[in-house]
1. When the Cα centres of the stretch B:143-211 and the stretch A:104-156 are compared, how far apart do they sit, in Å?
2. With r defined as the distance between the Cβ atoms of B:Gln206 and A:Ile354 and R0 fixed at 51 Å, what FRET efficiency is calculated, to the nearest 0.05?
3. Through the Karplus equation 6.51 cos²θ - 1.76 cosθ + 1.60, θ set to phi - 60°, convert the phi angles of the stretch B:27-37 into ³J(HN,Hα) values in whole Hz; use x for Gly and Pro.
4. Any chance you could list P(r) for chain A, counting all Cα-Cα pairs in 20 angstrom bins from zero, rounded to whole %?
5. Would you order B:Ser40, B:Ser68, B:Ser46 from fewest to most other beta-carbon atoms within 10 Å of each residue's own beta-carbon?
6. For A:Ala331 and A:Gln198, calculate 0.36 nm times their separation in residues minus their Cα-Cα distance, and state this gained length in nm to one decimal.
7. Amide H to amide H, which residues 5 or more places from B:Asn193 or on other chains are under 5 Å from it, using H placed in the peptide plane?
8. Rounded to the nearest 10 degrees, what's the angle between the helix A:2-18 long axis and the longest principal axis of chain A, both from Cα atoms, 0 to 90?
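No lab work stands behind these numbers, since they all come straight from the coordinates. Worth saying up front: this structure is predicted, and the values here are computed from it rather than measured. Cβ sites come from the backbone with ideal geometry, for glycine too, and all protein chains shown count toward neighbours.
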Amino acid sequence: MRRGIVRLALLCLWAGRLGQAQEFKICDRTVQVHGFASQGFVYTSGNNWLTMNSNAGSGAMTDMGLSLTSQLSDKLRVGGQVYDRNLGELGQWHPSLDWAVADYRFKNWLGVRGGKVKTTLGLYNDSQDLSFAHVFALLPQGTYPTDLRDATIAHTGGDLYGNIPLQHEAGEIAYTAYAGRRSDSIYSGYPYLLQDWQVFFRSFQGWQYGGDLRWTTPVNGLTIGASRMNQSITGKGTFVSLFDPGAGLVPFERTTKAYRTNMFYGEYMVRRLRIDAEYRRDFFDIPYVPGVELQTNIHAWYIAGSYRIGKRVQVGSYYSHYVTQNTSGGAALAPIIGSTDPSQPWNHVYDKVISGHVDLNRFCYVKVEGHFMNGYGWATYPNGFYLQQNPQGFQTNTNALVVKTGFHF
Amino acid sequence: MKASTRWLITAAFAVCGALSARAAEVKIIANQSVTTDSISASELKSVFLLQRRALQDGSIVVPVVQKSGATQASFLREYMDRNPEEIRTYYYGLVFTGKGLMPKELHSDAEVVAYVARTKGAIGYVNIDFPTNGVKVLAISQAGASFARQLVTRVEPEYPETLQRLQIGGTVRLIVTISAKGSVEGVQLLGGNPILAEPAIKAVKQWVYSPGPSRSMLEVSIPFIPK
């Protein structure tokens with residue numbers, strides 16, 4: 001943690017210098033330089049959260065990004081961004097290429113992006129790391145689980161996108177269609193969860209394709225939309241089979257039989273008020289050993305509201321609802337009691353949140369947020385709670401205080 | 001003219017000026033390379049949200065914004081429905097997701113006019129009363145209107161002799177309702193000196209535009225510059 005804070009401080013100093021000149025020229029082309037960083041502190045009662053030892057208070061919540069972008073011609077833009085984070089046991093300061101894109105806009109209604117591209121999914125998937133852009137220190141974790149960001153954050157491939165104005169003053173449609181490969185860091189939440197089950201990934205990657213359609217309606221400030229993602233993911237590594245533990249660690253390779261995500265969302269902004277709501281459903285079917293498949297059904301939704309009190313101060317609140325149901329061959333999963341019963345605390349997380357966001361100046365902010373959670377949603381797929389940090393078992397309720405500060409330039 | 005009369009007229013114009021200052025907003029300016037003379041409010045919003053780079057006539061435009069100040073606030077309130085903090089956050093969101101570049105930020109109307117004048121495709125906004133030499137001023141058509149109306153016949157307004165002599169000028173802003181055939185159906189005063197507004201309205205009622213698919217509305221600014 002200390003190393004992380006030193007890095008953040010150095011980045012702040014560097015950013016301060018860059019703040020004077022955020023662009024430079026190469027071959028007569030202007031290159032914009034931008035960066036962001038944030039540092040959080042989390043204290044919880046009840047369970048430890050997000051792989052942090054948060055019951056004792058934890059500052060292991062740091063992230064940062066640095067981007068370079070240039071407009072090479074009227075229609076062609078190129079750029080890239082490096083991202084690094086440490087969240088409890090996740091990330092562990094291994095920097096990654098967040099995105100690297102060549103973007104060519106043929107027409108308003110047709111553009112192409114290629115490279116490693118941030119995935120458009122719901123309202124905030126692609127901007128979930130940009131804490132300064134949100135009132136909340138943590139987005140609704142049922143819909144945007146920060147421990148599982150790798151699952152959806154970007155794909156290496158391409159997008160087709162564009163904006164189409166509708167006739168008769170019916171607003172505008174923005175579309176994105178994409179295909180590419182996802183490649184998770186082995187320091188992300190799902191591989192970390194499975195370590196506790198004696199499953200050790202060397203790689204976890206595969207194809208993603210899908211699209212997003214959003215309608216800026218004629219009602220001023222109202223946008224509605226839907227997203228879809230299909231995936232085929234292969235995990236490779238070693239594991240100890242529950243059915244043959246005596247064999248010890250054996251190699252394995254598993255590919256999802258089905259993996260799809262649907263999202264529906266709406267956003268309404270009027271003057272100082274912003275209201276948004278999203279519904280997300282994930283379904284995946286993973287072979288565990290020959291003849292045994294695990295199906296996971298996740299239903300999540302939230303409704304959030306925020307209000308700008310003044311130039312620098314915003315307050316907000318949301319309710320996030322997350323339910324997971326696990327089956328095997330369509331029947332309840334025997335090792336998990338009540339695996340299809342949403343009322344069981346291991347099958348849900350209900351999170352009530354209040355938050356305050358203060359912009360200290362154009363570049364820096366501080367947020368204070370309270371979470372009041374019921375359930376821990378820990379079964380075959382994580383949602384913020386891990387047995388590694390809660391070896392004594394989980395408690396039903398968790399309250400959390402999150403303080404977060406950061407800057408961008 | 002008696003000194004007291006001149007004082008009264010000047011005072012009256014000062015009051016009128018103060019009243020119209022409340023409505024003092026912005027005008028949209030573009031580099032001479034931009035071929036269109038008007039832009040719809042929805043198109044303008046898309047341009048400044050970086051959702052489109054080409055206008056309906058095919059002109060590639062590059063928005064330039066003001067870093068802060070009353071002009072920026074007026075523009076954002078009038079055309080973008082966002083406050084300065086929100087729009088800045090929005091731009092940064094595009095930058096850090098690889099979906100856009102931060103628009104050029106300038107500090108004053110003078111800087112914007114100078115930049116737009118020398119930069120091909122540049123489009124920006126300045127205070128309605130700021131001189132705009134070397135750039136073109138784009139008329140704003142009704143939100144959602146998707147057909148640019150070209151002015152075919154223009155009748156110049158008559159400058160009131162008294163005001164001309166007193167070196168009193170100003171800009172009158174009007175909303176013009178144009179029929180599908182191109183005639184001016186109605187004129188509404190948005191702001192400016194009411195005494196100058198009268199001849200301005202009289203002249204604009206005689207204007208003729210190119211035909212369009214339906215009735216449309218344009219914002220028109222008419223400057224009165226004392227010689």
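1. First find each Cα centre; the distance between them is then 47 Å.
2. E(calc), rounded to 0.05, equals 0.25.
3. With coefficients 6.51, -1.76 and 1.60, one gets 10, 9, 10, 9, 5, 4, 5, 6, 7, 6, 9 Hz.
4. 25, 60, 15, 0
5. Values: B:Ser40 25, B:Ser68 13, B:Ser46 21.
Ordered from fewest to most neighbouring Cβ atoms within 10 Å, B:Ser40, B:Ser68, B:Ser46 come out as B:Ser68, B:Ser46, B:Ser40.
6. 45.4 nm
7. Amide H to amide H, under 5 Å and 5 or more residues apart or across chains, B:Asn193 pairs with B:Thr171.
8. The answer is roughly 10 degrees.
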